[in-house]
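The values are calculated or read from the model by the stated rules, or taken from the named source; none is laboratory data. The structure presented is a predicted model; accordingly, all values stated were derived computationally and were not measured. Glycine gets a Cβ as well: all are built from the backbone with ideal geometry, and neighbour counts include every protein chain shown.
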Amino acid sequence: MKTWLVLALLALPMVAEAKPTLSVWTRAPGTSAEPAVIPPPEAKLIDLGAKRSRDSKLYDPQYGAEALYRGIALDDLLANLPGGPAFDQVLLRFDNGMVIPISRWPEMDDSPFLALAHSSDGTTWSTTFEALPKKGHPADDPRPIRFTTNKLVYRGADARELPDWSPWRHVSSLVGIELVNAGAWTRQFALSKDGRVTQGLEVFERYCSACHGVRGVGARFGWDVVTPIPMTEHRSSPGVLYFHVKYRELDAAKRGFMMPALSPVTEDEVTSLWKWLDLAAKEPLRPYTPPVSR
Ligand code: HEC
(Lines give C-alpha, C1' and ligand atoms only; values in the text may rest on other atoms or scores of the structure.)
Protein backbone atom coordinates (compact mmCIF):
# COMPACT_ATOMS: atom_id res chain seq x y z
CA MET A 1 0.00 0.00 0.00
CA LYS A 2 1.15 3.54 -0.70
CA THR A 3 2.61 5.33 2.32
CA TRP A 4 0.27 8.29 2.01
CA LEU A 5 -2.74 5.99 2.02
CA VAL A 6 -1.57 4.25 5.20
CA LEU A 7 -1.07 7.62 6.83
CA ALA A 8 -4.51 8.80 5.73
CA LEU A 9 -6.13 5.66 7.15
CA LEU A 10 -4.29 6.07 10.43
CA ALA A 11 -5.50 9.65 10.71
CA LEU A 12 -9.16 8.73 10.10
CA PRO A 13 -10.29 7.79 13.61
CA MET A 14 -8.87 11.01 14.99
CA VAL A 15 -10.83 13.12 12.53
CA ALA A 16 -14.15 11.32 12.90
CA GLU A 17 -16.33 12.82 15.61
CA ALA A 18 -17.22 10.46 18.44
CA LYS A 19 -20.79 9.21 17.96
CA PRO A 20 -22.62 8.81 21.24
CA THR A 21 -23.22 5.10 21.71
CA LEU A 22 -23.57 2.82 24.70
CA SER A 23 -22.95 -0.93 24.91
CA VAL A 24 -25.40 -3.14 26.76
CA TRP A 25 -24.95 -6.79 27.68
CA THR A 26 -26.04 -9.34 30.27
CA ARG A 27 -23.60 -11.13 32.56
CA ALA A 28 -22.98 -14.75 31.56
CA PRO A 29 -23.74 -17.17 34.44
CA GLY A 30 -21.33 -19.69 35.92
CA THR A 31 -17.97 -18.17 35.45
CA SER A 32 -16.43 -15.53 37.65
CA ALA A 33 -14.16 -14.14 34.98
CA GLU A 34 -14.78 -10.85 33.22
CA PRO A 35 -15.17 -10.81 29.46
CA ALA A 36 -11.69 -10.47 27.91
CA VAL A 37 -12.63 -7.12 26.44
CA ILE A 38 -15.07 -4.54 27.73
CA PRO A 39 -17.55 -4.20 26.08
CA PRO A 40 -17.69 -7.86 25.01
CA PRO A 41 -18.29 -8.59 21.29
CA GLU A 42 -21.87 -9.78 21.92
CA ALA A 43 -22.87 -6.44 23.48
CA LYS A 44 -25.71 -4.56 21.84
CA LEU A 45 -24.81 -1.07 20.72
CA ILE A 46 -27.39 1.60 21.51
CA ASP A 47 -27.29 4.65 19.26
CA LEU A 48 -27.84 7.42 21.79
CA GLY A 49 -28.13 10.05 19.08
CA ALA A 50 -31.32 8.34 17.88
CA LYS A 51 -32.96 8.45 21.34
CA ARG A 52 -35.23 11.31 22.31
CA SER A 53 -33.19 13.71 24.38
CA ARG A 54 -34.28 16.49 26.67
CA ASP A 55 -32.71 19.58 28.21
CA SER A 56 -32.30 19.91 31.96
CA LYS A 57 -30.72 22.49 34.21
CA LEU A 58 -28.59 20.42 36.57
CA TYR A 59 -25.99 20.80 39.26
CA ASP A 60 -23.04 18.61 38.36
CA PRO A 61 -21.05 17.68 41.48
CA GLN A 62 -17.96 16.88 39.40
CA TYR A 63 -17.68 20.44 38.10
CA GLY A 64 -19.35 21.90 41.21
CA ALA A 65 -21.58 24.09 39.04
CA GLU A 66 -24.97 24.30 37.38
CA ALA A 67 -25.35 24.13 33.62
CA LEU A 68 -27.83 23.10 30.97
CA TYR A 69 -27.41 19.51 29.90
CA ARG A 70 -28.92 17.81 26.86
CA GLY A 71 -29.29 14.06 27.05
CA ILE A 72 -31.25 11.15 28.46
CA ALA A 73 -32.30 10.29 32.01
CA LEU A 74 -30.80 6.91 32.77
CA ASP A 75 -34.04 5.53 34.26
CA ASP A 76 -35.74 5.98 30.86
CA LEU A 77 -32.98 4.04 29.19
CA LEU A 78 -32.78 1.27 31.81
CA ALA A 79 -36.53 0.64 31.86
CA ASN A 80 -36.44 -0.25 28.17
CA LEU A 81 -33.49 -2.61 28.21
CA PRO A 82 -33.90 -6.29 27.35
CA GLY A 83 -33.58 -8.88 30.14
CA GLY A 84 -36.38 -10.01 32.47
CA PRO A 85 -37.05 -9.01 36.09
CA ALA A 86 -34.23 -11.29 37.33
CA PHE A 87 -31.82 -8.68 36.01
CA ASP A 88 -32.56 -6.20 38.78
CA GLN A 89 -29.19 -4.46 38.88
CA VAL A 90 -26.99 -2.76 36.34
CA LEU A 91 -23.24 -2.31 36.54
CA LEU A 92 -22.40 1.08 35.09
CA ARG A 93 -19.08 0.69 33.31
CA PHE A 94 -16.88 3.70 32.75
CA ASP A 95 -14.15 4.46 30.27
CA ASN A 96 -11.49 4.54 33.02
CA GLY A 97 -12.40 1.03 34.24
CA MET A 98 -14.62 2.08 37.14
CA VAL A 99 -17.78 0.05 37.86
CA ILE A 100 -20.74 1.32 39.88
CA PRO A 101 -23.76 -0.91 40.55
CA ILE A 102 -27.17 0.75 40.65
CA SER A 103 -30.73 -0.53 40.74
CA ARG A 104 -32.26 -1.33 37.35
CA TRP A 105 -35.22 0.74 38.48
CA PRO A 106 -33.71 3.77 40.22
CA GLU A 107 -35.91 6.41 41.87
CA MET A 108 -36.84 8.80 39.07
CA ASP A 109 -35.48 11.94 40.77
CA ASP A 110 -32.22 10.22 41.71
CA SER A 111 -31.49 8.63 38.38
CA PRO A 112 -28.23 9.91 36.87
CA PHE A 113 -28.55 12.00 33.72
CA LEU A 114 -26.61 10.84 30.70
CA ALA A 115 -25.48 14.11 29.13
CA LEU A 116 -24.46 14.26 25.48
CA ALA A 117 -24.05 18.04 25.30
CA HIS A 118 -23.97 21.05 27.61
CA SER A 119 -24.57 24.75 27.36
CA SER A 120 -24.25 27.78 29.61
CA ASP A 121 -26.78 29.99 27.81
CA GLY A 122 -29.14 27.58 26.05
CA THR A 123 -28.16 28.73 22.56
CA THR A 124 -24.66 27.37 21.97
CA TRP A 125 -24.22 23.71 22.76
CA SER A 126 -20.99 21.80 23.03
CA THR A 127 -20.57 18.02 22.83
CA THR A 128 -17.13 18.08 24.43
CA PHE A 129 -16.79 18.09 28.20
CA GLU A 130 -13.85 19.75 29.86
CA ALA A 131 -11.20 17.62 31.54
CA LEU A 132 -11.55 17.63 35.32
CA PRO A 133 -8.41 18.09 37.44
CA LYS A 134 -8.34 16.80 41.01
CA LYS A 135 -9.34 19.23 43.74
CA GLY A 136 -6.59 21.69 44.63
CA HIS A 137 -4.70 20.96 41.40
CA PRO A 138 -6.32 23.10 38.70
CA ALA A 139 -3.09 23.49 36.72
CA ASP A 140 -0.64 20.80 37.73
CA ASP A 141 -2.70 17.60 37.53
CA PRO A 142 -1.10 15.49 34.75
CA ARG A 143 -3.98 13.01 34.77
CA PRO A 144 -7.30 14.85 35.00
CA ILE A 145 -10.50 12.87 34.42
CA ARG A 146 -11.25 13.06 30.70
CA PHE A 147 -14.62 12.72 29.05
CA THR A 148 -15.39 11.79 25.47
CA THR A 149 -19.14 12.03 25.24
CA ASN A 150 -21.60 10.28 27.62
CA LYS A 151 -20.99 12.49 30.65
CA LEU A 152 -22.98 11.16 33.56
CA VAL A 153 -24.39 13.81 35.88
CA TYR A 154 -25.03 12.43 39.35
CA ARG A 155 -28.40 13.52 40.74
CA GLY A 156 -28.64 11.80 44.13
CA ALA A 157 -30.15 13.72 47.05
CA ASP A 158 -26.60 14.34 48.34
CA ALA A 159 -25.32 15.77 45.02
CA ARG A 160 -24.49 19.14 46.56
CA GLU A 161 -22.61 17.65 49.52
CA LEU A 162 -20.94 14.78 47.72
CA PRO A 163 -17.73 13.92 49.63
CA ASP A 164 -14.38 14.09 47.83
CA TRP A 165 -13.90 10.33 47.98
CA SER A 166 -17.32 9.51 46.46
CA PRO A 167 -16.86 7.30 43.40
CA TRP A 168 -19.30 9.56 41.51
CA ARG A 169 -16.64 12.27 41.62
CA HIS A 170 -14.11 10.05 39.84
CA VAL A 171 -16.06 8.48 36.99
CA SER A 172 -15.20 9.26 33.37
CA SER A 173 -17.51 8.64 30.38
CA LEU A 174 -20.13 5.91 30.61
CA VAL A 175 -19.29 3.27 28.01
CA GLY A 176 -21.31 0.23 29.01
CA ILE A 177 -24.22 -1.16 30.97
CA GLU A 178 -24.07 -4.74 32.18
CA LEU A 179 -27.26 -6.34 33.44
CA VAL A 180 -26.89 -8.63 36.45
CA ASN A 181 -28.91 -10.19 39.24
CA ALA A 182 -28.08 -8.22 42.38
CA GLY A 183 -28.16 -11.12 44.84
CA ALA A 184 -26.11 -13.43 42.65
CA TRP A 185 -23.58 -10.70 41.93
CA THR A 186 -22.99 -10.02 45.65
CA ARG A 187 -22.88 -13.72 46.61
CA GLN A 188 -19.73 -14.15 44.50
CA PHE A 189 -17.84 -12.14 47.09
CA ALA A 190 -19.46 -13.61 50.26
CA LEU A 191 -16.60 -15.90 51.21
CA SER A 192 -17.46 -16.57 54.85
CA LYS A 193 -20.27 -16.21 57.40
CA ASP A 194 -17.84 -14.82 59.96
CA GLY A 195 -19.08 -11.41 61.16
CA ARG A 196 -15.73 -9.67 60.72
CA VAL A 197 -15.26 -10.98 57.18
CA THR A 198 -18.83 -10.00 56.29
CA GLN A 199 -18.21 -6.49 57.59
CA GLY A 200 -14.99 -6.43 55.58
CA LEU A 201 -16.89 -7.17 52.39
CA GLU A 202 -19.32 -4.35 53.20
CA VAL A 203 -16.38 -1.98 53.62
CA PHE A 204 -14.93 -3.15 50.31
CA GLU A 205 -18.25 -2.60 48.53
CA ARG A 206 -18.82 0.81 50.09
CA TYR A 207 -15.33 2.22 49.58
CA CYS A 208 -13.23 0.18 47.14
CA SER A 209 -15.14 -1.90 44.60
CA ALA A 210 -15.97 1.00 42.27
CA CYS A 211 -12.27 1.12 41.40
CA HIS A 212 -10.67 -2.17 42.44
CA GLY A 213 -11.61 -5.62 41.11
CA VAL A 214 -11.10 -9.03 42.75
CA ARG A 215 -9.49 -11.90 40.83
CA GLY A 216 -10.30 -10.14 37.58
CA VAL A 217 -13.95 -9.53 38.50
CA GLY A 218 -15.28 -6.00 38.63
CA ALA A 219 -13.53 -2.67 38.23
CA ARG A 220 -10.16 -2.09 36.57
CA PHE A 221 -9.34 1.49 37.53
CA GLY A 222 -7.07 0.64 40.46
CA TRP A 223 -5.11 -2.61 40.69
CA ASP A 224 -6.82 -5.93 41.31
CA VAL A 225 -6.77 -6.71 45.04
CA VAL A 226 -5.68 -10.34 44.49
CA THR A 227 -4.03 -10.81 41.11
CA PRO A 228 -1.18 -10.80 40.38
CA ILE A 229 -0.10 -9.71 43.89
CA PRO A 230 -2.54 -9.93 46.81
CA MET A 231 -3.00 -6.55 48.46
CA THR A 232 -2.52 -8.22 51.86
CA GLU A 233 0.98 -9.28 50.82
CA HIS A 234 1.90 -5.81 49.70
CA ARG A 235 0.15 -4.08 52.61
CA SER A 236 1.01 -6.76 55.12
CA SER A 237 -1.04 -5.62 58.11
CA PRO A 238 -4.34 -3.79 58.69
CA GLY A 239 -2.37 -0.86 60.14
CA VAL A 240 -0.29 -0.40 56.99
CA LEU A 241 -3.36 -0.68 54.77
CA TYR A 242 -5.26 1.77 56.98
CA PHE A 243 -2.58 4.39 56.50
CA HIS A 244 -2.69 4.05 52.72
CA VAL A 245 -6.47 4.17 52.52
CA LYS A 246 -7.01 7.09 54.86
CA TYR A 247 -4.30 9.55 53.82
CA ARG A 248 -2.66 10.78 50.67
CA GLU A 249 0.63 12.60 50.20
CA LEU A 250 0.09 16.25 49.33
CA ASP A 251 1.75 15.89 45.92
CA ALA A 252 -0.02 12.61 45.02
CA ALA A 253 -2.24 14.24 42.37
CA LYS A 254 0.75 16.09 40.90
CA ARG A 255 2.62 12.79 40.64
CA GLY A 256 -0.25 11.29 38.68
CA PHE A 257 -1.90 9.16 41.36
CA MET A 258 -5.64 8.75 41.01
CA MET A 259 -6.83 7.19 44.25
CA PRO A 260 -8.56 9.64 46.60
CA ALA A 261 -8.00 9.66 50.37
CA LEU A 262 -10.92 7.76 51.90
CA SER A 263 -10.99 9.94 55.00
CA PRO A 264 -14.11 8.58 56.77
CA VAL A 265 -12.76 5.02 56.92
CA THR A 266 -12.02 3.86 60.48
CA GLU A 267 -9.24 1.60 61.71
CA ASP A 268 -11.84 -0.95 62.81
CA GLU A 269 -13.34 -1.02 59.30
CA VAL A 270 -9.93 -1.57 57.72
CA THR A 271 -9.22 -4.41 60.17
CA SER A 272 -12.37 -6.15 58.87
CA LEU A 273 -11.54 -5.26 55.28
CA TRP A 274 -8.07 -6.76 55.67
CA LYS A 275 -9.63 -10.04 56.91
CA TRP A 276 -11.86 -10.23 53.85
CA LEU A 277 -9.00 -9.35 51.48
CA ASP A 278 -6.84 -12.02 53.10
CA LEU A 279 -9.56 -14.65 52.54
CA ALA A 280 -10.11 -13.47 48.95
CA ALA A 281 -6.41 -14.08 48.31
CA LYS A 282 -6.75 -17.68 49.55
CA GLU A 283 -10.13 -18.76 48.18
CA PRO A 284 -11.68 -18.47 44.72
CA LEU A 285 -14.79 -16.34 44.30
CA ARG A 286 -18.14 -18.12 44.28
CA PRO A 287 -19.59 -18.65 40.80
CA TYR A 288 -22.16 -16.17 39.53
CA THR A 289 -25.49 -18.05 39.56
CA PRO A 290 -28.48 -15.84 38.72
CA PRO A 291 -31.98 -17.32 38.96
CA VAL A 292 -33.05 -18.96 35.70
CA SER A 293 -35.32 -16.56 33.83
CA ARG A 294 -37.87 -17.95 31.45
C1 HEC B 1 -11.80 6.32 42.99
C2 HEC B 1 -11.06 5.10 42.78
C3 HEC B 1 -10.45 4.35 43.94
C4 HEC B 1 -11.06 3.98 45.12
C5 HEC B 1 -12.47 4.30 45.58
C6 HEC B 1 -10.08 3.18 45.82
N7 HEC B 1 -8.93 3.11 45.11
FE8 HEC B 1 -7.19 2.20 45.68
N9 HEC B 1 -6.31 2.80 43.96
C10 HEC B 1 -6.92 3.47 42.94
C11 HEC B 1 -5.96 3.67 41.86
C12 HEC B 1 -6.25 4.34 40.55
C13 HEC B 1 -4.76 3.11 42.29
C14 HEC B 1 -3.41 3.08 41.53
C15 HEC B 1 -2.49 4.13 42.13
C16 HEC B 1 -3.08 5.52 42.00
O17 HEC B 1 -3.28 5.99 40.87
O18 HEC B 1 -3.38 6.13 43.04
C19 HEC B 1 -5.00 2.57 43.62
C20 HEC B 1 -4.04 1.95 44.40
C21 HEC B 1 -4.29 1.32 45.60
C22 HEC B 1 -3.30 0.59 46.36
C23 HEC B 1 -1.85 0.41 45.98
C24 HEC B 1 -1.08 1.64 46.20
C25 HEC B 1 0.24 1.32 46.78
O26 HEC B 1 1.08 2.25 46.83
O27 HEC B 1 0.45 0.19 47.21
C28 HEC B 1 -3.93 0.09 47.48
C29 HEC B 1 -3.30 -0.73 48.60
C30 HEC B 1 -5.32 0.51 47.39
N31 HEC B 1 -5.50 1.25 46.24
C32 HEC B 1 -6.28 0.17 48.30
C33 HEC B 1 -7.60 0.62 48.26
C34 HEC B 1 -8.61 0.23 49.22
C35 HEC B 1 -8.40 -0.76 50.34
C36 HEC B 1 -9.75 0.92 48.89
C37 HEC B 1 -11.04 0.93 49.62
C38 HEC B 1 -11.00 1.07 51.06
C39 HEC B 1 -9.44 1.71 47.69
N40 HEC B 1 -8.14 1.49 47.35
C41 HEC B 1 -10.32 2.58 47.04
C42 HEC B 1 -8.21 3.91 42.91
C43 HEC B 1 -9.12 3.80 43.95
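Inside the stretch 217-294, counting only helices (runs of 4 or more DSSP H) that do not spill past its ends, which hold 1 or more residues that are in contact (Cβ under 8 Å) with a residue 60 or more places away in the chain, surrounded by 15 or more Cβ atoms within 10 Å (Cβ to Cβ) and within 10 Å of the ligand (Cβ to nearest atom)?
267-282
Touching a Ser or Thr at 6+ places or on another chain (Cβ under 6 Å) and more than 14 Å from the ligand (Cβ to nearest atom), is that true of THR148?
yes
What single numbered condition from (1) within 26 Å of TRP165 (Cβ to Cβ); (2) surrounded by fewer than 19 Cβ atoms within 10 Å (Cβ to Cβ) fails to hold for LEU92?
It fails just one condition, (2).
In the stretch 202-216, how many residues are part of a helix (DSSP H, G or I) and buried (at least 23 other Cβ atoms within 10 Å of the Cβ)?
Result for the stretch 202-216: 2.
Among what's in the stretch 111-127 and is over 14 Å from GLY71 (Cβ atoms) and in contact with a strand residue (DSSP E or B) (Cβ under 9 Å, 6 or more places away or on another chain), pick the residue that is surrounded by the fewest Cβ atoms within 10 Å (Cβ to Cβ).
ASP121
Scanning the stretch 22-37 for residues that are modelled with pLDDT of 85 or more and buried (at least 16 other Cβ atoms within 10 Å of the Cβ), which turns out farthest from TRP185 (Cα to Cα)?
So, considering only residues that are modelled with pLDDT of 85 or more and buried (at least 16 other Cβ atoms within 10 Å of the Cβ), the one farthest from TRP185 (Cα to Cα) is LEU22.
Identify the residue in the stretch 135-153 that is in contact with a Pro (Cβ under 7 Å, 6 or more places away or on another chain) and assigned to a loop (DSSP other than H, G, I, E, B) and, among all such residues, is farthest from GLY97 (Cα to Cα).
Applying the filter and picking the extreme gives ASP141.
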